[in-house]
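Note sheet for the following structure.
The values are calculated or read from the model by the stated rules, or taken from the named source; none is laboratory data. Every value quoted in this text rests on a predicted model; they were computed, and no experiment measured them. Here the Cβ is made from the backbone with ideal geometry for all residues, glycine too, and neighbour counts use every protein chain on show. Accessible surface is based on the protein model in full, side chains and every heavy atom, while ligands, DNA and RNA are left aside. Shrake-Rupley method; radii C 1.70, N 1.55, O 1.52, S 1.80 Å.
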Amino acid sequence: GTPRQITNEPGHQMASNWSHDGEWIYFSWTQGNDRDIWRTRVGTGSKERVTHGGALLGRESADGTMLLYIPKSASVDLLRSWLLGQPLAGGAPRPIIACVAGTAFSVSQGESITCRVPAVSSPTLIHPCACWILPLARIAK
């Protein structure tokens with residue numbers, strides 16, 4: 001098919017990824033000092049803000065009920081950040097796991113997410129990390 005532009009508003013739109021059902025495209029939108037996760041409906045182009053208060057990168061959970069994201073505060077210290085979960089039906093975001101390293105997390109189409117978490121500090125390692133798998137059942141609670 002022919003490529004088509006899906007955003008054209010002022011600011012920077014980047015880090016896009018698909019929803020689990022292919023109906024939405026999530027992206028990070030920076031406008032001045034404000035950076036949050038938005039989504040646009042593929043068929044209509046309508047947009048809605050998903051996070052409030054700053055976010056660097058977001059990915060929808062495999063079941064489509066939550067946006068997992070790295071808060072903007074992570075840009076200060078990319079080795080010490082929370083992975084947060086924003087319920088898509090509404091409500092406040094909540095912490096999922098502490099200390100996700102940078103933007104290193106992914107959501108499986110099955111029952112888990114994987115993320116890099118800094119390991120015990122070592123003066124010989126620049127970015128000591130370990131990989132974790134979190135069951136989706138833990139995320140949903």
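What order do His20, His52 take when sorted by accessible area (1.4 Å probe), most exposed first? Could the numbers behind the result be given before it?
Values: His20 80, His52 130 Å².
Accessible-area ranking of His20, His52, largest first: His52, His20.
In sequence order, what are the phi-derived ³J(HN,Hα) couplings for the stretch 47-57 according to the Karplus relation 6.51 cos²θ - 1.76 cosθ + 1.60 with θ = phi - 60°, rounded to whole Hz, with x for glycine and proline?
The phi angles translate into 10, 9, 7, 9, 10, 9, x, x, 8, 8, 8 Hz.
Please report, in debye to the nearest 20, how large the charge dipole of the stretch 11-60 is about its Cα centre when each Lys and Arg carries +1 at its beta carbon and each Asp and Glu carries -1 there.
Numbers: 6 positive and 6 negative charges, 18 e Å.
Roughly 80 debye, rounded to the nearest 20.
Net charge near Lys47: determine it from the other residues with C-beta under 14 Å of the C-beta of Lys47, scoring Lys and Arg +1 and Asp and Glu -1. Write down the numbers at each step before the final one.
Working: positive: Arg39, Arg41, Arg49; negative: Glu9, Glu23, Asp36, Glu48.
After counting each charged neighbour, the total is -1.
How much FRET efficiency would the formula 1/(1 + (r/R0)^6) give for His12 and Arg41, where r is the Cβ-Cβ distance and R0 is 22 Å, rounded to 0.05? Please report the intermediate quantities before stating the final value.
Values: r = 21 Å, r/R0 = 0.94.
Efficiency at R0 = 22 Å is approximately 0.60.
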